[in-house]
Amino acid sequence: MIKMALIRKGVEENLLQNYDATCRLAQEIAENIHERNRLQRTGGNPAKLNMTLRASLQKLKQNILQLRETLVRASSQRRIMQSEADRRQNLVDDLVTREKQLCSTFSRDGTDPEPSRSSLMSGGFGAGTGGAGSVNPWLVNESEETKGLTFGEIKQQQQRVIDAQDAGLDALSAVISRQKRMGEEIGNELDEQNEIIDDITQLVDKTDSRIRNETRRVKLVETKSASCGMMVVIVLLLIAIIVVASWPT
């Protein structure tokens, strides 16, 4: 359970960092385009800035693709809720639209009427990359608990949830440990009882063997006693016959 919470937290932070980095890059590109157009209007040389912009636009495209792949993978592995994945997919789509707008603006020669600086910088998506205290739309959750919170506040809330889960797991672990100790004690007691039963069984077996031996001896003595009694009777009869025969008539 702790592991799953840590995995979700890691996925959340990874997606957030990628999104923030992409938004900052898009804002930087917008500022550089604005500067490039200014140089063109004033007769400056924007060649170096154009080279930088081409590389930045390519990197922006790669970052958006990576962000989309990470989001799809997290959603397919059920590391974030589907509703949250859909909402963030919309944000990625906004980034794609913004990237196309920047490419279109960059492709102009700077002589066409330039969009306002505010519209070039914001683009409707980069509020989370501006000044301190602003809210990143990537973090906006459907629940009222996190609505309008900053990244730091979201992290604190997540940490409190994880701490509460950890406390619950610690309590559960303590209960399981006590049950384990009780099971071990019961097992030890059963082992001792089994040893006592084995001793009693051996004693009973020995006693039964002795009883059988004594029974055989008693039967043998009885047999011998019966034989001796018959001999006595026979001797007495012989004596009686002899006495009667020798008695004078």
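The values are calculated or read from the model by the stated rules, or taken from the named source; none is laboratory data. Nothing here was measured: the structure is a model prediction, and the numbers come from that model. Note: ideal-geometry Cβ built from the backbone for every residue, glycine included; neighbour counts use all protein chains shown. The protein model used for the area step is the full one, side chains on, heavy atoms only, and it has no ligands, DNA or RNA in it. Shrake-Rupley method; radii C 1.70, N 1.55, O 1.52, S 1.80 Å.
Tabulated values for the structure
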| item | result |
| --- | --- |
| Any hit, the range 69-81, residues being within 24 Å of Asn14 (Cα to Cα), open to solvent by 20 Å² or more (accessible area, probe 1.4 Å), outside any loop (DSSP other than H, G, I, E, B) and touching a residue at least 40 places away in the same chain (Cβ under 8 Å) | no |
| The range 40-49, subset part of a helix (DSSP H, G or I) and in contact (Cβ under 8 Å) with a residue 24 or more places away in the chain, residue most open to solvent (accessible area, probe 1.4 Å) | Arg41 |
| Filter pass, Gly131 being open to solvent by less than 60 Å² (accessible area, probe 1.4 Å), more than 27 Å from Ile29 (Cβ to Cβ) and either more than 32 Å from the chain's Cα centre (by Cα) or at pLDDT 85 or above (or both) | no |
| Those residues of the range 43-73 which are closer than 22 Å to Thr97 by Cβ and small (Gly, Ala, Ser), in sequence order | Ala55, Ser56 |
| Index of the failed condition, His34 passing every other in (1) out of contact with any Asp or Glu (no Cβ under 8 Å at 6 or more places or on another chain); (2) modelled with pLDDT of 85 or more | (1) |
| Residue within the range 98-121 that is within 20 Å of Leu71 (Cα to Cα), at pLDDT 85 or above and assigned to a helix (DSSP H, G or I) present | yes |
| Gln58 open to solvent by 30 Å² or more (accessible area, probe 1.4 Å) and closer than 15 Å to Leu15 by Cα | no |
| Evaluation of Glu185 against (1) modelled with pLDDT under 90; (2) open to solvent by 100 Å² or more (accessible area, probe 1.4 Å) (one fails), failing number | (1) |
